[in-house]
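Participant: This is the structure, below, for whatever I ask next.
Since every read-out is calculated from the coordinates, none of them should be taken as a lab result. Note that this is a predicted model, so its numbers are computed, not measured. In this analysis, Cβ positions are derived from the backbone assuming ideal geometry, glycine residues included, and neighbour counts consider all displayed protein chains.
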Amino acid sequence: MEESPLSRRRLLWGAAGAAGTALAAAGLSQLVGPGGKEAGPARPVRTAGPAAAPAARQRRDTTVDYAPAVWVEACDENYLSADRPEDYPIDYVVIHLTTDVLPRMLRMFQDPSEKVSAHYVISSTGTRIAQCVRERDVAWHSGSVWYNHRSIGIEHEGWIDQPVYSDKMYEASAVLTATICAKYDVPIDRDHIIGHVEVPQASHEDPGPVWNWDKYMKLVESARRRMKT
């Protein structure tokens, strides 16, 4: 009997996660500041009515899908809970630019009025990665409902008219993207790894003209090859 795509993907998940961790661990630190405190703002404790929620409800799962990342949870009003890839296939990785500093972007994802989020945010130095939405859930990052349901969104700290993309950022992002592609069997090509500007009817121009696609795709391909050895 021919193996189903979903069964094959499940087999890939464990290997891809381990390989991505091994490739990234040497050059990536956690998203923490001096004294081991999280650099991003702490997630406020929610209340139910006049009294605070029980302690058991306040404790949230802080595990991540990608080991080098640190969990900095987006407000649950800024994404859609799902069970991907069973609910929707993951066929794309969408590359974004924050046009803001990383802490402000994380605060935006935690503001329920913003209605925006991404799965991952990478610092301009490439040394910090935050996961804000589980890969199984649908982040609101592309402006397209169809693409949101079928993609992983990765934000990169920087500005569209400034060459702030460091080698370490490219390398950190490439390993993350290669890991996602391995896990969900996403082809490593420009039809499936796209910029926000390439989403149909996109109103954004990121990652902008200074993003080096040739360099990035070569790094993704190289990382994927190393995972197979």
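Participant: Could you tell me how many of the residues in the range 159-169 are outside any loop (DSSP other than H, G, I, E, B) and surrounded by fewer than 15 Cβ atoms within 10 Å (Cβ to Cβ)?
Facilitator: Total satisfying the criteria: 1.
Participant: Out of all the residues in the range 108-121, which are over 12 Å from the mean Cα position of the chain (by Cα) and assigned to a loop (DSSP other than H, G, I, E, B)?
Facilitator: Once the filter is applied, which keeps residues that are over 12 Å from the mean Cα position of the chain (by Cα) and assigned to a loop (DSSP other than H, G, I, E, B), the range 108-121 yields GLN110, ASP111, PRO112, SER113, GLU114, LYS115, VAL116.
Participant: Among HIS204, HIS149, HIS156, which is the only one that is in contact (Cβ under 8 Å) with a residue 60 or more places away in the chain, buried (at least 20 other Cβ atoms within 10 Å of the Cβ) and of a type outside the set (Phe, Trp, Tyr)? Walk me through it before giving the result.
Facilitator: Values: HIS204 fails: buried (at least 20 other Cβ atoms within 10 Å of the Cβ); HIS149 fails: buried (at least 20 other Cβ atoms within 10 Å of the Cβ).
Exactly one residue qualifies, and that residue is HIS156.
Participant: Moving on. Just to be sure before I move on: is ALA172 among the small types (Gly, Ala, Ser) and closer than 15 Å to VAL72 by Cα in the structure I sent?
Facilitator: Answer is no for this residue.
Participant: Can you name the residue in the range 122-151 that is hydrophobic (A, V, I, L, M, F, W, C) and farther than 24 Å from VAL101 by Cβ and is also nearest to the chain's Cα centre (by Cα) among such residues?
Facilitator: Ranking the qualifying residues of the range 122-151, first place goes to VAL138.
Participant: Output the residues belonging to the range 177-198 that are under 14 Å from LEU97 (Cα atoms) and touching a Phe, Trp or Tyr at 6+ places or on another chain (Cβ under 8 Å).
Facilitator: From the range 177-198, those under 14 Å from LEU97 (Cα atoms) are 194-198; that's our starting set.
Scanning the range 177-198 gives ILE194, GLY195.
Participant: Looking at (1) of a type outside the set (Ser, Thr, Tyr); (2) in contact with a helix residue (DSSP H, G or I) (Cβ under 6 Å, 6 or more places away or on another chain); (3) surrounded by fewer than 19 Cβ atoms within 10 Å (Cβ to Cβ), which one does ALA74 not meet, given that it meets all the others?
Facilitator: ALA74 satisfies all of (1) of a type outside the set (Ser, Thr, Tyr); (2) in contact with a helix residue (DSSP H, G or I) (Cβ under 6 Å, 6 or more places away or on another chain); (3) surrounded by fewer than 19 Cβ atoms within 10 Å (Cβ to Cβ) except (3).
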